[in-house]
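Data first, discussion second: the structure below is written as structure tokens.
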Amino acid sequence: QVQLVESGGGLVQAGGSLRLSCAASGRTFRNYAMGWFRQAPGKEREFVANIGWNGIRYADSVKGRFTISRDNSRNTVYLQMNNLSPEDTAVYYCASSDNGIAATERANYDHWGQGTQVTVSS
């Protein structure tokens with residue numbers, strides 16, 4: 001069973017930066033595709049970024065501001081978020097896909113973390 005634990009959320013002013021981390025259990029982390037999703041109050045959970053054997057993908061709303069990366073030696077995936085705006089306020093979730101394919105659909109992911117709150121003040 002894969003366990004995912006997010007960290008790094010918090011309160012930041014508009015224009016600021018945060019780096020989220022997601023630590024994963026499991027000896028085959030390098031084979032997983034990893035994704036970041038977010039859910040704002042009253043909205044559905046939406047795709048943010050992913051990384052897998054088929055490459056890296058970003059939602060249009062974060063392209064150029066967010067960067068996803070992974071350190072397989074640490075079983076960790078990161079999301080560097082720059083130039084944050086109040087519209088980025090949400091709970092951010094990390095997810096892993098056993099098939100290694102980085103997809104934007106939530107159904108592609110097998111395991112989810114508990115989420116970390118990101119709040120951006122104006």
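Do we have residue 67 as modelled with pLDDT of 95 or more, within 14 Å of the chain's Cα centre (by Cα), surrounded by fewer than 20 Cβ atoms within 10 Å (Cβ to Cβ) and closer than 21 Å to residue 1 by Cα here? Lay out the reasoning, then the answer.
Numbers: modelled with pLDDT of 95 or more: yes; within 14 Å of the chain's Cα centre (by Cα): yes; surrounded by fewer than 20 Cβ atoms within 10 Å (Cβ to Cβ): yes; closer than 21 Å to residue 1 by Cα: no.
No, not satisfied.
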* **Any chance residue 40 is at pLDDT 95 or above, among the hydrophobic types (A, V, I, L, M, F, W, C), over 16 Å from residue 112 (Cα atoms) and within 16 Å of the chain's Cα centre (by Cα)** => yes
* Structure fact -> Within segment 23-57, residues out of contact with any Ser or Thr (no Cβ under 7 Å at 6 or more places or on another chain) and hydroxyl-bearing (Ser, Thr, Tyr) come out as 25, 28
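The rows are residues; the columns are (1) within 19 Å of residue 120 (Cα to Cα); (2) modelled with pLDDT of 95 or more; (3) not small (Gly, Ala, Ser).
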residue: 54; (1), (2), (3): no, no, yes
residue: 59; (1), (2), (3): yes, yes, no
residue: 63; (1), (2), (3): yes, yes, yes
residue: 73; (1), (2), (3): no, no, no
residue: 77; (1), (2), (3): no, yes, yes
residue: 80; (1), (2), (3): yes, yes, yes
residue: 85; (1), (2), (3): yes, yes, no
residue: 95; (1), (2), (3): no, yes, no
residue: 98; (1), (2), (3): no, no, yes
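Assess whether residue 41 counts as being open to solvent by 40 Å² or more (accessible area, probe 1.4 Å), without any contact (Cβ under 8 Å) to a residue 60 or more places away in the chain and not charged (D, E, K, R). Let's see the steps before the verdict.
Numbers: open to solvent by 40 Å² or more (accessible area, probe 1.4 Å): yes; without any contact (Cβ under 8 Å) to a residue 60 or more places away in the chain: yes; not charged (D, E, K, R): yes.
In short, yes.
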* To do: Specify which of the listed residues (85, 121) is in contact with a Pro (Cβ under 9 Å, 6 or more places away or on another chain), under 13 Å from residue 15 (Cα atoms) and loosely packed, with under 15 Cβ neighbours inside 10 Å.
  => 121
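The values are calculated or read from the model by the stated rules, or taken from the named source; none is laboratory data. Fair warning: this is a prediction, and the values are worked out from it, not measured in the lab. All Cβ positions, even for glycine, are placed from backbone atoms using ideal geometry, and neighbour counts span all protein chains on display. For the accessible areas, the whole protein counts, side chains as well, though only heavy atoms, and no ligand, DNA or RNA atoms are used. Shrake-Rupley method; radii C 1.70, N 1.55, O 1.52, S 1.80 Å.
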